[in-house]
1. From 134, 124, which residue is in contact with a strand residue (DSSP E or B) (Cβ under 7 Å, 6 or more places away or on another chain), at negative phi, surrounded by 15 or more Cβ atoms within 10 Å (Cβ to Cβ) and in a helix (DSSP H, G or I)?
2. Looking at 129, 79, which is the one that is in a loop (DSSP other than H, G, I, E, B) and more than 17 Å from the chain's Cα centre (by Cα)?
3. Could you please give the count of residues in the range 97-106 that are surrounded by fewer than 19 Cβ atoms within 10 Å (Cβ to Cβ) and either touching a residue at least 24 places away in the same chain (Cβ under 8 Å) or in contact with a helix residue (DSSP H, G or I) (Cβ under 8 Å, 6 or more places away or on another chain) (or both)?
4. Could you tell me which residue of the range 136-152 is farthest from residue 103 (Cα to Cα), considering only residues that are without any contact (Cβ under 8 Å) to a residue 24 or more places away in the chain and in contact with a helix residue (DSSP H, G or I) (Cβ under 9 Å, 6 or more places away or on another chain)?
5. So which residues in the range 72-89 are free of Cβ contacts under 8 Å to residues at least 24 places away in the same chain and surrounded by fewer than 15 Cβ atoms within 10 Å (Cβ to Cβ)?
6. Does residue 151 satisfy being over 17 Å from residue 74 (Cβ atoms) and assigned to a loop (DSSP other than H, G, I, E, B)?
7. When you look at residue 105, is it touching a strand residue (DSSP E or B) at 6+ places or on another chain (Cβ under 8 Å), modelled with pLDDT of 95 or more and closer than 28 Å to residue 54 by Cβ, yes or no?
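The values are calculated or read from the model by the stated rules, or taken from the named source; none is laboratory data. Since this is a predicted model, take the numbers as computed values, not measurements. Glycine also receives a Cβ, built like all others from the backbone with ideal geometry; neighbour counts cover every protein chain displayed.
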């Protein structure tokens, strides 16, 4: 069987068994995934991994990860939000968001201002350098979205966004 037919052949691959119950080493290509075909969760997770890897590669020069980008974008579009509001809206654990905001604050991209209404709360704002940086991040994120479109096609990307809109 050639490499090209191995990828397109949908027949289950024969399983080799270790008679003594010991774990066997396999080449990655030998591991059959036929049992996962048709599982939406598995396919979505694999695509998510590809998306995150491409995002990290594309935005690697600026050192911004997907969650950081999401937080910066939401703060930029909604200045003055509380940490709790951002955490709840993006589905980020509060402790994780605090750590993420600490790192963005150290990079001078975000500032926390004590709320006048509730001293226990902070209003989140981009700094001037944060606004400039976010504009660059958005240009790079648009490049990443072009990569997604190249991978799955324009119509499929639009269809995917419509399908996933119900989960945001």
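1. Checking each option against the conditions leaves just 134.
2. None of the other options fit; the residue is 79.
3. 2
4. 152
5. Passing the criteria: 77, 78, 88, 89.
6. no
7. Considered against the rule, which asks whether it is touching a strand residue (DSSP E or B) at 6+ places or on another chain (Cβ under 8 Å), modelled with pLDDT of 95 or more and closer than 28 Å to residue 54 by Cβ, residue 105 comes out as yes.
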